[in-house]
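For reference, the structure is listed below as structure tokens.
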Amino acid sequence: MFSLDNGFPCAEETAETFWAALHGLVTLTRARRLSAERVADRLALLVDRFVPREDLLGDPHPRRPGERAHPIPQRSVPVPLSDAVTSRAGGESPDDGWTLAHAEWEGEAVTPRSRRATEETSPEAPATASSGGRARTDFDEIYDQPDPRAFFRTLGAWEYQTPHHAQAIFRRMVAAREQAAHAAEPVTVVDLCCSYGINAALLNHDLTMADLYEHYGSAEVAALSTAELVERDRAFYATRRRPDAVRVVGLDAARNAVGYARAVGLLEQGFAENLETAPPSEALLRAVRDACLITVTGGISFLSPRTFQPLLAAVRGPVWVAAFVLRSGSYQSLAEALASFGLVTEVDRNRTFPQRRFTDDQERQYAVEAVTAVGEDPEGRESDGYFHAALHLSRPAPDVTAFPLASLLDHA
Ligand SMILES: C[S@@+](CC[C@H](N)C(=O)[O-])C[C@H]1O[C@@H](n2cnc3c(N)ncnc32)[C@H](O)[C@@H]1O
């Protein structure tokens with residue numbers, strides 16, 4: 001016997017889908033529409049796809065929801081980072097999920113190749129879990145809603161603010177990339193874990209994060225259907241579009257979120273793919289070819305080199321990778337992967353950015369322990385009740401000299 005309760009948040013849907021597939025196999029085989037000879041192979045394929053291997057092998061330590069399948073590998077390989085870089089222990093390697101069918105948004109490629117890394121249980125799951133049980137609150141259910149209202153309502157309550165901190169910094173980076181590229185055309189930014197297009201909204205429009213919270217939290221917007229909100233937001237963003245707007249290509253595992261961002265005109269192209277669990281589509285690789293800046297806020301700990309490597313291999317010119325990374329997490333394995341593409345990683349050590357308030361004492365304890373364990377001081381930061389992120393910027397060495405990190409930061 002085996003269990004279909006694999007700890008994923010949608011165990012019920014998993015069970016339904018499994019039994020539906022099994023029913024289909026039986027019915028089609030009985031009706032002789034599938035050959036009887038390969039029954040065993042098909043069954044093995046189905047069971048393999050749905051049942052965690054350790055359940056089949058008799059895992060002596062069954063997982064609780066959100067727990068990782070395997071211990072997180074501890075990396076000891078030194079990373080070729082610049083002097084400014086913090087080298088922290090603990091890489092991460094999200095486990096495989098399930099494959100979904102393709103979908104189209106407005107005739108543009110939005111390809112949900114697979115569902116998101118389901119082992120992750122929070123917006124920024126820790127690279128090093130330390131408190132035994134749940135380290136952080138799970139916000140999964142707000143990531144793939146038909147529109148962003150629940151995202152802003154829920155995360156607003158915890159003062160989620162990383163895109164606000166990133167806005168001015170990303171704009172300065174875009175300006176530096178345009179200067180370097182002598183670009184006549186708008187440059188291309190690729191936003192990973194783009195969600196409902198929040199970084200694109202802040203980069204390309206005369207809007208602040210506070211404006212977005214106000215807009216999506218207003219009584220007027222609350223009364224609209226999603227279709228009405230899409231229509232309204234198309235105008236909302238169009239009238240606030242900046243003349244220096246750049247092309248933003250978005251990637252997120254959440255199909256509805258990417259679809260929304262496309263529908264309201266925030267993303268030039270959007271891809272609902274999870275590169276942690278499936279290779280990128282050809283369309284995605286084509287879309288990132290001209291990327292000069294890759295951005296990430298609130299998503300780094302969902303990602304491993306599996307996401308970055310194929311994208312960086314597809315980019316034709318020099319590219320910068322700018323990521324806001326929780327201090328309780330690790331950038332080590334990603335910095336190593338980026339180094340193999342000739343990118344030198346620097347960390348802004350002068351400033352950290354509050355990401356959001358802790359939801360409870362367990363989160364606080366986890367974060368304080370995690371940052372202390374890597375030699376950082378939680379005083380005045382995590383101790384004061386907030387997760388904090390640090391900006392990591394990875395670039396070709398000549399750009400590190402030509403555009404000193406300090407010149408790109410707002411506290412310069
Ligand atoms: C906290 S939200 C951050 C959204 C946005 N970047 C921001 O800062 O407001 C995390 C996002 O990561 C996405 N995500 C999680 N795992 C992913 C993966 N493997 N690949 C792409 N996106 C992923 C989620 O769907 C969600 O939209």
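Summary of computed values
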quantity	calculated
Computed E for PHE341/GLU228 - FRET, C-beta separation, R0 51 angstrom, nearest 0.05	0.70
Approximate spin-label separation ALA184-ALA238, in nm, with each point projected 7 Å along Cα-to-Cβ	2.8
In Å, descending, principal axis extents of the Cα set of the range 103-408	50, 48, 36
Residues SER407 and ALA313, FRET efficiency given R0 of 25 Å [Cβ-Cβ distance, rounded to 0.05]	0.30
Ratio of Rg to Rh over the range 204-289 (Cα coordinates, Kirkwood Rh, two decimals)	1.02
Bridge type composition, the range 103-408 - antiparallel percent by DSSP, nearest 5	50
Neighbour-limited loop hits for GluC sites (Glu not before Pro), the range 273-340 (at most 14 other Cβ within 10 Å; DSSP other than H, G, I, E, B)	none
Total charge dipole magnitude, the range 167-310, about the Cα centre, Cβ charges on Lys, Arg, Asp, Glu only, Debye to nearest 20	280
For the range 280-412, the spread of Cα positions along each principal axis, largest first, Å	45, 34, 22
Cβ crowding within 10 Å averaged over residues, with 206-217, 291-302 ranked highest first	291-302, 206-217
Per-pair calculated FRET efficiency, R0 = 25 Å: THR137 and ALA373 via Cβ, rounded to 0.05	0.75
Over the range 369-412: Rg over Rh, Cα atoms, Kirkwood Rh	1.12
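Where a number appears in this text, it was derived from the coordinates with a stated rule and is not lab data. These numbers come from a predicted model, not from an experiment. We place every Cβ from the backbone using ideal geometry, glycine too, and count neighbours over all the protein chains shown.
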